[in-house]
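Colleague: Quick one: structure below, then a few questions.
The values are calculated or read from the model by the stated rules, or taken from the named source; none is laboratory data. All values reported here derive from a predicted model rather than from experimental measurement. All Cβ positions, glycine included, derive from the backbone under ideal geometry; neighbour counts span all protein chains shown.
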Amino acid sequence: MSQPAAVRSAPDVLVVDGVVRRFGDLTAVDGVSFHIAPGETYGLLGPNGAGKTTTISIIAGLLAADAGEVTVAGERMGPQAVAPKRHIGLVPQDLAIYPELSARENLAFFGRLQGMRGSALSDRVAEVLELLGLSDRAKGPTKEFSGGMKRRLNIGIGLLHHPRLLILDEPTVGVDPQSRNAILESVEALSVEGMAVLYTTHYMEEAERLCDRIGIIDSGTLQAEGTRDDLLRLTAEADTVRLSGSAIGPEVSAALRALPHVERVDAGPHELTLLVHDAPARVAEVVTTASAAGMALTGVEISRPDLESVFLHLTGRALRD
């Protein structure tokens, strides 16, 4: 998504500079740095246990960093800081709504907690309901909502006070495809308003659709960041080859790793995933080698470089692992 020139030239809303967080002997976040400009959607991707949740908690002021600094709208963030937290809308994975209240009542309640009153509050509630496609269900109790509608309302609560930075932590988990698309459309509209968005997801297609830039975190370290094209260049144009079948022993992986055009081999219980340069020309050699090493092949799939292959290249795991 492109940004207007005026937005691009504005100061960054979020700056994360060399952040470190330790838990005993474990360094959960190790020198992470990135920034988000107004109107930009930044995807923070990583496998489970990579350090995403700890990083988000530090950005939101829920945890203190052991080293480094976070600033939001130019103000330093920390657990005791009040002013920068006013600039943040945090939408957690867990739903934060009252099931007995209607959508309108939920939004009005949380708006009052943000200091909003009178017509300004009622007008903003109506705007958010319209943005999220919930205007026609504004009066019924939210306990009767579908999972996707509850997710959309959860996002609306984070949007109410016009935050400079909206943090969305896996907002489409467990929702149906229609509701998921409605959520993504709502997020796409936010950058038009100049809001900075920090987005985490376990769905690579969401990152490709929404994010202007993406940071890939693993083992507490930001392994790479950039636009989609920037990240694709990291694979040196390697293709992904998936071999499905049985009898996938270590000797199969070893034989494939020995091939000169194979960059990486990752084994699952019923599948081998390889990064291969010029796979269409090399796939016959790959198949022959795997079969000769004892693998009983049932399928072969080749895919050109995409963000999933970049992620695998950097972390050795699929995004949903």
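Okay, residues lined up against (1) surrounded by fewer than 18 Cβ atoms within 10 Å (Cβ to Cβ); (2) not basic (Lys, Arg):
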| site | (1), (2) |
| --- | --- |
| Glu40 | no, yes |
| Ala50 | no, yes |
| Thr55 | no, yes |
| Asp66 | yes, yes |
| Arg76 | yes, no |
| Pro79 | yes, yes |
| Ala103 | no, yes |
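Colleague: Shifting gears a bit: Picking from Arg228, Arg264, Arg233, which residue would you name as being closer than 30 Å to His35 by Cα and surrounded by 15 or more Cβ atoms within 10 Å (Cβ to Cβ)? I'd like the intermediate steps shown before the answer.
Modeller: Details: Arg264 fails: closer than 30 Å to His35 by Cα; Arg233 fails: surrounded by 15 or more Cβ atoms within 10 Å (Cβ to Cβ).
Criteria check complete, one pass: Arg228.
Colleague: For Lys139, which of the numbered conditions (1) at pLDDT 95 or above; (2) surrounded by fewer than 19 Cβ atoms within 10 Å (Cβ to Cβ); (3) of a type in the set (Lys, Arg) fails to hold?
Modeller: Lys139 satisfies every listed condition except (1).
Colleague: Can His277 be described as modelled with pLDDT of 90 or more and over 26 Å from His202 (Cα atoms)?
Modeller: So His277 fails the test.
Colleague: Can you tell me how many residues in the stretch 157-170 are within 12 Å of Pro92 (Cα to Cα) and crowded, with 19+ Cβ neighbours inside 10 Å?
Modeller: So the count comes out to 6.
Colleague: A further question follows. Name every residue in the stretch 144-172 that is without any contact (Cβ under 8 Å) to a residue 60 or more places away in the chain and among the charged types (D, E, K, R), in order of residue number. Even if it seems obvious, please write down each step before you answer.
Modeller: Residues of the stretch 144-172 without any contact (Cβ under 8 Å) to a residue 60 or more places away in the chain: 144-153, 156, 162, 172.
The answer is Glu144, Lys150, Arg151, Arg152.
Colleague: Next up: Which one of these does Val192 not meet: (1) under 24 Å from Pro11 (Cβ atoms); (2) crowded, with 18+ Cβ neighbours inside 10 Å; (3) of a type outside the set (Ser, Thr, Tyr)?
Modeller: Of everything listed in (1) under 24 Å from Pro11 (Cβ atoms); (2) crowded, with 18+ Cβ neighbours inside 10 Å; (3) of a type outside the set (Ser, Thr, Tyr), Val192 misses just condition (2).
Colleague: Select from the stretch 280-321 the residues that are of a type in the set (S, T, N, Q), assigned to a helix (DSSP H, G or I), in contact with a strand residue (DSSP E or B) (Cβ under 7 Å, 6 or more places away or on another chain) and over 23 Å from Met204 (Cα atoms) and list them in ascending order.
Modeller: Within the stretch 280-321, Ser291 is the sole residue that qualifies.
Colleague: So, one more: Output the residues belonging to the stretch 283-303 that are over 16 Å from Pro269 (Cα atoms) and among the polar types (S, T, N, Q).
Modeller: Answer for the stretch 283-303, where residues must be over 16 Å from Pro269 (Cα atoms) and among the polar types (S, T, N, Q): Thr288, Thr289, Ser291, Ser303.
Colleague: Looking at the stretch 184-239, what strands (runs of 3 or more DSSP E) fall wholly within it and have at least 2 residues that are within 10 Å of the chain's Cα centre (by Cα) and within 22 Å of Thr53 (Cα to Cα)?
Modeller: 196-200, 213-218
Colleague: Could you grab me the full set of residues in the stretch 113-139 that are outside any helix (DSSP H, G or I) and either of a type in the set (Gly, Ala, Ser) or free of Cβ contacts under 8 Å to residues at least 24 places away in the same chain (or both)?
Modeller: Gly115, Arg117, Gly133, Ala138, listed by residue number.
Colleague: For the structure I just gave you, tell me whether Leu159 is assigned by TED's automatic domain parsing to the domain that holds Leu184 and at pLDDT 95 or above.
Modeller: Values: assigned by TED's automatic domain parsing to the domain that holds Leu184: yes; at pLDDT 95 or above: no.
Taking the combined requirement at face value, the residue does not satisfy it.
Colleague: Thr172 fails exactly one of the following numbered conditions: (1) within 19 Å of Glu185 (Cβ to Cβ); (2) part of a loop (DSSP other than H, G, I, E, B); (3) more than 20 Å from the chain's Cα centre (by Cα). What is the number of that condition?
Modeller: (3)
Colleague: Given the conditions (1) touching a helix residue (DSSP H, G or I) at 6+ places or on another chain (Cβ under 8 Å); (2) part of a helix (DSSP H, G or I), and given that Val265 satisfies all but one, which numbered condition is not satisfied?
Modeller: If we test Val265 against (1) touching a helix residue (DSSP H, G or I) at 6+ places or on another chain (Cβ under 8 Å); (2) part of a helix (DSSP H, G or I), just (2) comes out false.
Colleague: Would you call Leu297 within 30 Å of Thr41 (Cα to Cα) and not assigned by TED's automatic domain parsing to the domain that holds Leu198?
Modeller: It is false that Leu297 is within 30 Å of Thr41 (Cα to Cα) and not assigned by TED's automatic domain parsing to the domain that holds Leu198.
Colleague: Related question: Considering Glu285, Glu271, which residue is farther than 30 Å from Gly226 by Cβ and acidic (Asp, Glu)?
Modeller: Answer to the check: Glu285.
Colleague: Quick check, is Ser179 assigned to a helix (DSSP H, G or I), in contact with a helix residue (DSSP H, G or I) (Cβ under 7 Å, 6 or more places away or on another chain) and either buried (at least 17 other Cβ atoms within 10 Å of the Cβ) or free of Cβ contacts under 8 Å to residues at least 40 places away in the same chain (or both)?
Modeller: The answer is yes for Ser179.
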